[in-house]
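For reference, the structure is listed below as structure tokens.
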Amino acid sequence: MKYRKILAMALSCVMAFSLAACGGGNADKKEDAQSDKTQEEDSNTEEAGEDAEEGESSASGKTKITLWTYPIGNWGDSATVEGLLANFHAAHDDIEVSVEYLDYANGDDQINTAIEGGQAPDIVMEGPERLVANWGAKGLMVDLSDLWTDEAKEAIYDSVENACQNNEGVFYEYPLCMTAHTMAINRDVFEKADALQYLDEEKGTWTTEGFQKAVEAVAASGQTTAVAAVYCKGQGGDQGTRALINNLYGGTFTNPEHTEYTANNDENVKALELLKSLEGINFDASLEGGDEVNMFCNGSTLAMAFCWNIAQEKNNAENLGFDVLPMAFPTESGDPQLCGGIWGFGIFDNDDDAKIEAAKTFIDFMANDETQVAESVKASSYWPVKDIGNIYEGDELMTEYSKFIPFMGDYYQVVSGWAEARTAWWNMLQQVGTGADAKTALDEFAATANTAAAN
Amino acid sequence: MKKKNPMSRALVRRETIAGYAFMVPSLIFFLGFVIYPMVQCVITSFFDSTMNRDDIFIGFANYAELFQDSVFLGALKNTIIIVVVSVPLTCIFSLWVSSVIYDLKGPLCSAFRCIFYLPVVTGSVAVTVVWKWMFNNYYGIFNYIGTNTGMIKQNINWLGDEKFALGCIILILLTTSVGQPIVLYVSALNNVDQSLVEAAQVDGATKMQCFWKIKWPQIMPTTLYILVITTINSFQCFALIQLLTSGGPNHSTDTIMYYIYYNAFKLYRYGYGNAMGVILAIIIAILSAVQFKMAKTD
Amino acid sequence: MKSNTNVNRSTIYKVISVVAIGIFAFLFAFPLYWIITGSFKTAAAINSPTPQWWPSEWVMDNYQKLFSRQVAPLWEIHIPFTETSFAGPEVPAALRWLLNTVFMGVVSMILTCITAAMAGYALAKKRFIGRTIVFSAIVCAMALPKQVILIPLLREMSSLQLYNTIWAVIFPIVGWPFGVFLMKQFAEGIPGEMMEAARIDGAGEWKTFYTIALPLIKPGIGALAIFTFINSWNDYFMQLIMLSSTETLTISLGIAKLQAENATDFGLIMAGASLAAIPIIIIFLIFQKYFTKGITMGAVKG
């Protein structure tokens, strides 16, 4: 580390000198302009240096930390987050938190570049698949066991607790909120196509056979350009395609111990073949989850969305010109296993105890402070990970969606090699979409993913 | 410069000191931000280098793996297709446009020149936003026009179909790269020696003969320059792919540029990515050497 | 008679070609037209399945949304070796991105022109030891896409603590040796007698460069300036790798981010894209003559 700093100093000195030197001619005016510029350059270089300085604190003695959030409900909306931060700053005026907003399409790349660039954020808000299985497994995160007090362990649901730690029991995430990812249908379109008979509107479930018939009916009615899209441009929203395929015939994605990818089972093969054969369902390599939601919400393109949860409906409320019906994924058994989302905070180990401490204070405030936690959870528009009373009293939409919580299945996204596995997943879907044999493609997926898991 | 008498030692020294004094500012940037990373790139390509772990020396293993990696070979193929298709097309299209517009009266020529240059100044990111919409499977304009006029029977998923995706990328690349060649050709054609052309016309040469026998040789240097810059440009095609297809479907639009990025920031394989960079650099170096040779002999 | 039909035929060819080129030109201009009109359309008009060729209703909603999204200080200047810093007024982040982009373009332009003019002059006119080696290195490196070296460059910027500053984008542009090559070609044309005369008058190295060489290669510097400016404006890749926080983004990155975050809101994206496109197009239209001249001159010498 030390020689790097010396190198940095030396280089910037040389640069400053060189600029000053070339200004050192006869023309006085030019020279002035030159040295001004040198000054400016120097100052900016300095600014950069300062930002990255370890353990730096500004003149006022505040500890500055950075928080990067993915768009988890309204945690991706600056107005909401500014409000939350204001609460925190009021309670802890010795810490200053600045926020960056990430998106699911490029957020990972952005964090990975920042890590390599030596400026990883202090706090990142996401789920176990990134915090535990990816960055945690790579040894980049701080062990959060001191946040996980006995009291916390008691309060937080067991399934959530299990997801937030790795196989050795080290906690890399402190959770805030959770939800079950569902799918959704355009009720108006289904009604006109006379397809509502194939589903249980009350419970929000349907059978594989019902799903198949419904798709056929909706496709025949021709109200939308297509019925649904198995989007596979990238990883955005891939929990939807995974849940769809796993549920149709009861296939699995990993083994129960979360050590191996088992997606190449016959059930999944059958599911892929069914999806391929259905008229009206496209394997679309030009879309990601976000695009799919967009096309579902405009009402005339897609009649179903696989990338859905309560937040999608809330965020798109203004644009929705039709009745959205959230549904569990279709199953043969009638017992859907929905993918859960468990979101919370992780801390990047930036070798600076003051910042880590500050980050922990922040997390503790957001997730445990009695007056704050309800507001933090509400900002996500998901459900709390422990019993803090009914915070959505009188919210019909939340009540409607809460019926899916019991369907929440195993949180398997913590197998190591997760980042590689999800990359392989969308590539697998693309292959199947372009005519590859489902079994071969799934085998290849499992092989790639398991190689990554073994490393 | 005095070239007659051999330079004295003192003069050589003076010249050297002065020469380097003038070179220093540029050399710092050149060595610091081109040569040094290049050397690092070559060195790291011999290591298994990933996040948060010390690099492990593995010799040529990265290179050996590269040539068995079907995705890399596919990316190499795509890169070559992009270059081989888009470079001649760019040259021909811009030559055709310029040969028609260069002697147009009034502001028409410069208006055309301007319009064809617009996508270059607008920048690929802003332009891509619209292209993405135009190519959309469900409500894109190409499908809208195509199906309404009966040219295509059903919607085509332009960017999501292996058969079309690379073609679409090349098309967009073309629109963002013909601007400069047209500007160059127009001015080159305007500089052609008119007396030769007139003399040939007096001798009864047709327009075609005039063009190929007299104008073409005179604009040859411009053509070569255009070849070089469009080749470099096509190799660098990245933004379009990152924003439109992410290399898919089925790696059919992966280019080496994108695959390096993919390996580095999705799979954390820095050494492997660097090995690809080295290969790409070698390919480009050979190509440029060939082009320079061609320029010299002509 | 014969030549008459010939003339006719070529006139017809010309007319047809001009029409065809007109159609192409229309296609080229279309994206821009669509971005600008799209940014004034209502959400319903943008999302309607049948394209609306001309906005039926002009609204500013998209711009309002764009400007109310995030805020950032317009500028930040740190005084070296102190804790003091000055931040500009809080403005919509999009404006900061625009300013960053302009700053990046202008500074790369200035730095490149200064360093390249000096180096090109030395390479052309100074017979120093190692000149051939330096020159061949420059020629070799010229064709190299700098994206190839992205990983080492990222690590280097990180250890120089320049990562996530605009300098991480500027420096590689300045280092790119095309400018030096171009300036060398121009400097070759400086007559030796004039330099000799200056020397006899007792001018030092710097004065000779400044008073004799510089005025003669001025047109070349102009060409290089325009080249560098366009180059840096379109240098999306480096920006993507090197910049990460709201305050340091450039406008291209900003729109790319908008696009990823709000796949649902085309109007907002179009507004961002217009904001990115319009200033540079205005600059281009005003300096059009110089642009064309600069590009041509670069090619003739390059």
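Label points 7 Å out from Cα along the Cβ direction at residue C:132 and residue C:214: separation in nm? About 3.3 nm, to one decimal.
Straight-line cross-link reach from residue C:14 at under 17 Å between alpha-carbon atoms covers these aspartates and glutamates, not counting any fewer than eight positions away in the same chain: B:103. Would you list the P(r) distribution for region B:54-175, with all Cα-Cα distances sorted into 10 Å bins from 0 and each bin expressed as a whole %? Pairs per bin, as whole percents: 11, 25, 30, 21, 9, 4, 1. When the P(r) is computed for the protein assembly as shown, the part past 60 Å accounts for 13% of the Cα-Cα pairs. Placing a label point 7 Å from the Cα of residue C:12 along the Cα-to-Cβ direction, none of the residues of region B:77-116 has a backbone N under 16 Å of that point. With a simple spin-label model that places each label point 7 Å from the Cα along the Cα-to-Cβ direction, the separation between residue A:202 and residue A:436 comes to 4.5 nm. Here's the picture: a label point sits 7 Å out from the Cα of residue C:140 along the beta-carbon direction, and within region C:161-177 the residues with their amide nitrogen under 19 Å of it are C:175-177. Using Stokes-Einstein with the Kirkwood hydrodynamic radius over Cα pairs, what translational diffusion coefficient do you get for region C:84-138 at 25 °C and a viscosity of 0.890 mPa s, in µm²/s rounded to a whole number? In µm²/s, the coefficient rounds to 169. What the Cα atoms of region A:90-145 give is an Rg and a Dmax of 12.7, 35 Å. Across every pair of non-identical alpha carbons in region B:174-296, the mean reciprocal distance, once inverted, gives a Kirkwood radius of 17.6 Å. Close Lys pairs in region B:61-297 (alpha-carbon distance under 19 Å; sequence gap of 8 or more, or different chains): 5. Computed over the Cα atoms of region C:93-301, pair by distinct pair, the Kirkwood hydrodynamic radius stands at 18.9 angstrom.
Averaging 1/r over every pair of different alpha carbons in chain A and inverting the result gives a Kirkwood radius of 24.1 Å.
Treating each Cα of region C:189-302 as one equal point scatterer and applying the Debye formula with no solvent, the log10 of I(q)/I(0) at q = 0.22 Å⁻¹ comes out as -1.14. Centroid-to-centroid, using Cα positions, region B:70-103 and region C:112-158 are 28 Å apart. Spread over its residues, the convex hull of the C-alpha atoms of region A:196-353 is 157 Å³ per residue. The ellipsoid that matches the Cα gyration tensor of region A:267-402 has semi-axes, each √(5λ) in whole angstrom, of 35, 20, 16, with the longest given first. Once both labels are positioned 7 Å from their Cα atoms along Cα-to-Cβ, the gap between residue A:213 and residue B:58 label points is 5.4 nm. Principal axis extents of the Cα atoms in region A:299-376, from largest to smallest and rounded to whole angstrom, are 52, 35, 27.
Overall shape of region A:117-214 was characterised from the C-alpha gyration tensor. The equivalent ellipsoid obtained from it has semi-axes of 41, 17, 12 Å, in decreasing order. Please give the FRET efficiency for residue A:273 paired with residue B:199, using the beta carbon to beta carbon distance and R0 = 56 Å, rounded to the nearest 0.05. Between residue A:273 and residue B:199 the formula returns 0.15. Dividing the Cα radius of gyration by the Kirkwood radius, what Rg/Rh value follows for region B:177-226? Computed over Cα atoms, the ratio is 1.04. If you wrap the tightest convex hull around every Cα atom of region A:72-122 and split its volume per residue, you get 76 Å³. Normalised radius of gyration (Cα atoms, divided by 2.2 N^0.38 Å) for region B:61-297: 1.20.
Each reported figure results from applying straightforward, stated rules to the coordinates on display, with no laboratory input. Please read these numbers as outputs of a predicted model, since none were measured by experiment. All Cβ positions, glycine included, derive from the backbone under ideal geometry; neighbour counts span all protein chains shown.
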